[in-house]
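Notes for the one structure printed next.
The values are calculated or read from the model by the stated rules, or taken from the named source; none is laboratory data. What you see is a predicted model, and the numbers here were worked out from it, not measured in a lab. Methodologically, a virtual Cβ is constructed for each residue, glycine included, from the backbone with ideal geometry; neighbour enumeration extends over all protein chains shown.
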Amino acid sequence: MSIYKSKFKFYVYAYLREDLTPYYIGKGSGNRAWNNHRTFKPPKDKSRIIILHKKLSEYKSLEIEKFLIAWYGRKDQDNKTGILHNHTDGGEGTSGHIKSPEMIYNHTESISREYIIMNPDGKIFKIKNLTNFCRKNWLNNSYMIDVAKRKKRHHKFWQCRYLNMFTNFYDPNELIKRFRASEKYTAISPTGIETTVYNLSLFCKENKLHHGHMIAVVKGRYLQHKGWKCRYVIDPTNEDLQDTNL
């Protein structure tokens, strides 16, 4: 393991399913790939733990990790076309990591304030420790804080409101309806031909396009990808959802 003792000690690894498709991409050093994580456990079959790139600087390993997560896509994202169980887009890094004031504030806030939660079935209940609640329900604490602050409408169709600043929830049926509509895209070829796309991942494979880059075009982060443009048939970010009367 001497290759990890210099400043180029980092590597990027993957956990594979039995069909050899990756379900987790990570960056680490030393025995990180073989140790249990807080959220993910490595496969029992150690042959399904593979090192994709090694002898990297930390910066380079983070860049590769971020690229691969975008390439394969995350299952918890709204488009539901990814295959990875990663909860972030990667590239954050934890070596010598110092939490920002906002991260510290969000953590303190999530364990000290009271919240009203609506689950995807429309059931409403009150909780106090949002951090523990998210851990038990496989939710991202930061995303739920964003929902409470009305920066996001929902996280995995869960909704969250501050108890002392309560505002109406969105109708969960409308959220699901809007999500399903957002899975339909209009792709515009370099020659201007429009195509309605129901499976963007498959469409990208058939046309030799990068799925993550096409999603970036849809969301307005890129203007085009290989001359292709793409948009939602119905934009899920439009502010026309109806609140419940709860």
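The number of residues in region 201-215 being part of a helix (DSSP H, G or I) and closer than 12 Å to residue 73 by Cα comes to 6.
I'd like the residue in region 119-158 that is of a type in the set (D, E, K, R) and touching a residue at least 40 places away in the same chain (Cβ under 8 Å) and, out of all such residues, is surrounded by the most Cβ atoms within 10 Å (Cβ to Cβ).
From region 119-158, those of a type in the set (D, E, K, R) are 121, 123, 126, 128, 135-136, 146, 149-153, 156; that's our starting set.
Remaining after also requiring touching a residue at least 40 places away in the same chain (Cβ under 8 Å): 121, 153, 156.
On the way: 121: 7, 153: 20, 156: 15.
Out of the qualifying residues, it is 153.
The number of residues in region 50-65 being closer than 22 Å to residue 34 by Cβ and assigned to a helix (DSSP H, G or I) comes to 6. The set of residues in region 17-76 that are touching a residue at least 40 places away in the same chain (Cβ under 8 Å) and charged (D, E, K, R) comprises 27, 54, 55, 58, 60, 65, 76. Within region 62-72, restricting attention to residues that are under 16 Å from residue 15 (Cβ atoms) and not aliphatic (A, V, I, L, M), the residue that is surrounded by the most Cβ atoms within 10 Å (Cβ to Cβ) is 65. Contact map, region 159-181: residues that are surrounded by 16 or more Cβ atoms within 10 Å (Cβ to Cβ) paired with residues that are at pLDDT below 70 and of a type in the set (Asp, Glu), Cβ distance under 7 Å, separation 6+ or inter-chain. Pairs shown: 169/243; 170/243; 179/78. Of all residues in region 51-66, one or more are over 22 Å from the mean Cα position of the chain (by Cα) and β-branched (Val, Ile, Thr).
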